[in-house]
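A short write-up of the structure that comes next.
The values are calculated or read from the model by the stated rules, or taken from the named source; none is laboratory data. Bear in mind the structure is a predicted one, so any value in this text is a computation, not a measurement. In this analysis, Cβ positions are derived from the backbone assuming ideal geometry, glycine residues included, and neighbour counts consider all displayed protein chains. SASA here: full protein model, heavy atoms, side chains in, ligands and nucleic acids out. Shrake-Rupley method; radii C 1.70, N 1.55, O 1.52, S 1.80 Å.
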Amino acid sequence: MTLHSLPLFVRLAGRPVILLGEGEAADAKRRLLDRAGATVVGEDAPAALAIVALDDEEEALAAVARLKARGILVNAVDRPDHCDFTLPAIVDRDPVLVAIGTGGVSAGLAAALRQRLETLLPASLGTLARGLHAGRATLRARFPDGGERRRAIAAALAPAGPLDPLEERDVAAWLADPVAPPPATLIRIALTSSDPDDLTLRQARLLASADRVFHAADVPRAILDRARADAARIMAEPIDEPGLSIRLDMQ
């Protein structure tokens, strides 16, 4: 499965961004750029990004062409086929940001998902993130091995764990006595289908935590993409059992 876009978080504080247009759409983009600390400039100014929020089709496409000819990445409001980048719906739990994008094809769907996530993610999420950041030295000293440290954090952040991100949790108390994770092991998971939506919660968590994923050639990429991006994918001999199967190295 190919990503239609690569999500990126760009720091725009103090940087120029071109914004063309007037009215409701342009005002909404201006507010978003202001929140990010960007400096809104006109078309002739030097910039790396531009947003075109012009109503007139011919005028908008001409502006898009001029900007792209200068090597500027363009967001053309309501014209997804002409966008180099899109602006997602955002759930802000500073410093945690959750961005929901649909490639520009349905802003309404992105907004609906954002509203749903707003009710699920507690305001304390930012405090949890800052606490984990502040405790990095403590965690390195307690778990010098990177794999063990990652597994300890994953176990703490698991549902009902001592740092469950959907609950109010005391990071300082956990850092004072972090629980060692289970020892490294090789785990086999049997897949019921090639559809990633059929993964159980346990299987999805294991995939997201594994350091190495051993898989046969017939395991679909859509399944493998549920593993961490930095986890090694290793083609293995077919496992001598019916159905699809993966071995996960939990180092």
Taking only Cα atoms of the stretch 1-61, the Rg to Rh ratio with Kirkwood Rh works out at 1.02
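If you wrap a convex hull around the alpha carbons of the chain, what volume per residue comes out, as a whole number of Å³?
On the way: hull volume 41.7 nm³, N = 251.
Enclosed volume per residue, from the Cα hull, is 166 Å³.
What relative contact order, as a whole-number percentage, does the chain give when Cα pairs under 8 Å and 6 or more residues apart are counted?
Worked out over the chain, it gives 11 percent.
Let me have the relative contact order for the stretch 1-64, percent, based on Cα pairs under 8 Å that are six or more residues apart.
Relative CO of the stretch 1-64 lands at 39 percent.
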Length gained when the stretch Arg79-Thr138 is fully extended (0.36 nm per residue, less Cα-Cα span) = 16.4 nm
Hey, what did the stretch 154-244 get for relative contact order, percent, Cα under 8 Å, at least 6 apart?
-> 24 percent
Accessible-area value, Arg130, 1.4 Å probe, nucleic acids and ligands omitted, Å² | 120 Å²
What are the principal axis extents of the Cα atoms in the stretch 19-113, in Å, biggest first?
-> 36, 26, 25
So how much slack lies between Ala129 and Asp92, counting 0.36 nm per residue of separation and subtracting their Cα-Cα distance, in nm?
-> 12.1 nm
The simple spin-label model distance between Ala158 and Leu224, using points 7 Å out along Cα→Cβ, in nm, is 2.6 nm
Expressed in nm to one decimal, what extension gain is obtained for the pair Thr185 and Ser5 from 0.36 nm per residue of sequence separation less their Cα-Cα distance?
-> 61.3 nm
Distance from the stretch 1-58 to the stretch 181-242 (C-alpha centre basis), Å | 39 Å
Rank by packing, highest mean first: peptides 162-170, 131-139, 74-82, with packing defined as the count of other Cβ atoms within 10 Å averaged across residues.
-> 74-82, 162-170, 131-139
